[in-house]
Amino acid sequence: MIVTGEAQRQAWRTRQFPPVEQVAAGLWSVPVTIPDSPLRYTLAYVIESGRHVTAVDPGWDSDTGWQDLLRGLAVAGMTADQVTGIVVTHVHPDHHGLSGRLRAASGAPIAMHAAEVATLPARIWRAGGGAAGDRDWLARCGVPGPIIGELTFRDDQDGPFWRMPDPDVLLNDGDDIGLPGRPVRVVWTPGHTPGHICLHDSGHDLLLTGDHLLPRITPNIGLAPGGQGSPLAGYLESLRRMRGYDSAEALPAHEYRFRGIADRADAIAAHHQARAEEIIGIIATSDGPTIWQIAQQLTWSRGWAQITGFMRRAALAETAAHIAFLQAGGGLTRDAGEPGGDRFRIAAPEAVSCGPAQDG
Ligand SMILES: [Zn+2]
């Protein structure tokens, strides 16, 4: 992997705010503050073609972030009312948070992948049965009763996170985002969320990777309450798809720009394989552990004891995604309805594998 966003990496290392940069003709990267987050900022992108201007992932909804976005547009010689399109790679609040404010200021429609609509927090919450469904999911994960209350939300919650807007335009794989004279196409990369997309600017061979591919960290691949299927299987498939874009420069939504897309995708796939093997090892040496028990035994970069409050939800969802993946592959059995949560056991050791990188 070769870092191309040197100023961005320098800013990351020295904990400065990176500059607004023109990456190519008519394309700028614009850092937008995420308050109180170790990620610190989202890299929004502004793409121009003639009188058309698309903002990609406007960022977290805060007054500081809004000023960051306006300053980025100003560096590009624009004002918010000149924006003609808004595209989000996915609906997490550090990407989609400011979409509503930008739409109000510009009248530009908001576009996202058709499969992403159901990922909007308020919709996920309702689909999962609200607070009751959430508590039930946590209990099935094996979370002890007294801790469940610390990890769940209430049904009467409000705030910008829950009010993020529905899209005006639905995108599908291969669609052009509609900048005249500048082909920018949707590359559907489910995994981090079901409707996550990358955007390929073929004329400049740039791939806006959102959170799908980041240079230093790996995106959380979680199975949300009420989630179906195996998001990890989808993510590994989306990583394999990156081989077709190896010539492109990666423009991620966090950290810094880089080249070497296929290598980075392979490294992240290997990380998930190692994670799956670690989980198999834990299950093989335990007596039918729950997801909660497995999560506690896994290696976390900051240590389980430091994962507190709602971070534990993400850790649980990530563990659940790996379990669902292994279960779909036939390697695990699930005993549902046992007291204290669903329990997992090794089904067939030879069926336990994680992706094509594994030998034998
Ligand atoms: Zn993000």
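The values are calculated or read from the model by the stated rules, or taken from the named source; none is laboratory data. Nothing here was measured: the structure is a model prediction, and the numbers come from that model. All Cβ positions, even for glycine, are placed from backbone atoms using ideal geometry, and neighbour counts span all protein chains on display. Note: areas computed on protein heavy atoms with side chains; ligands, DNA, RNA excluded. Shrake-Rupley method; radii C 1.70, N 1.55, O 1.52, S 1.80 Å.
Observations, loosely collected:
- For the Cα trace of the chain, dividing Rg by the Kirkwood Rh returns an Rg/Rh value of 0.98.
- Placing +1 on the Cβ of every Lys and Arg and -1 on the Cβ of every Asp and Glu, with no other charges, gives the range 226-360 a dipole of roughly 380 debye about its Cα centre.
- At the listed q of 0.13, 0.19, 0.24 Å⁻¹, the Debye profile of the range 1-101, built from one uniform point per Cα, gives log10 I(q)/I(0) equal to -0.42, -0.90, -1.35.
- Compactness of the range 212-360 was expressed as the Cα radius of gyration divided by 2.2 N^0.38 Å, which yields 1.09.
- Largest to smallest accessible area among Thr54, Thr84 [probe 1.4 Å]: Thr84, Thr54
- For the residues Gly65, Gly97, Gly129, a GNM of the chain with alpha-carbon springs under 10 Å puts the largest fluctuation on Gly129.
- Averaging 1/r across all pairs of distinct Cα atoms in the range 85-140 and inverting the result yields a Kirkwood radius of 12.7 Å.
- Solvent-accessible surface of the range 212-292, taken per residue with a 1.4 Å probe and all protein chains present: 35 Å².
- Percent of Cα pairs exceeding the 17 Å cut-off, where the set is the range 194-299: 58
- Working note: Cα atoms of the range 47-112, range along each principal axis, descending, whole Å: 30, 24, 17.
- Cα-based Kirkwood hydrodynamic radius, the range 173-255, one decimal, Å: 13.3
- Shape annotation for the range 270-317: C-alpha extents along the principal axes are 28, 27, 16 Å, from largest to smallest.
- Averaging the Cα positions of each part gives two centres, and for the range 243-294 and the range 86-102 these lie 25 Å apart.
- Spatially, the range 137-180 and the range 190-218 are offset by 20 Å when compared through their Cα centroids.
- Check: the chain dipole with +1 on Lys, Arg Cβ and -1 on Asp, Glu Cβ, in debye: 360
- Ser37 - accessible surface, heavy atoms, 1.4 Å probe, Å² rounded to 10: 30
- In the range 37-194, the portion of solvent-accessible area held by carbon and sulfur atoms comes to 55 percent [1.4 Å probe, whole percent, DNA, RNA and ligands not counted].
- Descending principal axes extents, the range 70-227, alpha-carbon based, whole Å: 57, 29, 28
- Computed over the chain: relative contact order in percent, which uses C-alpha pairs under 8 Å that are six or more apart: 15
- Rounded to the nearest 500, the helix-only mean residue ellipticity at 222 nm of the chain stands at -10000 deg cm²/dmol, with each DSSP H run of n ≥ 4 adding -39,500 (n - 2.57).
- Principal-axis tilt of helix 311-328 within the chain, Cα atoms, nearest 10 degrees: 70
- Dipole magnitude (debye, nearest 20) for the range 43-185, charges at Cβ of Lys, Arg, Asp, Glu: 120
- The C-alpha atoms of the chain define a longest principal axis, and helix 261-284 lies at about 20 degrees to it.
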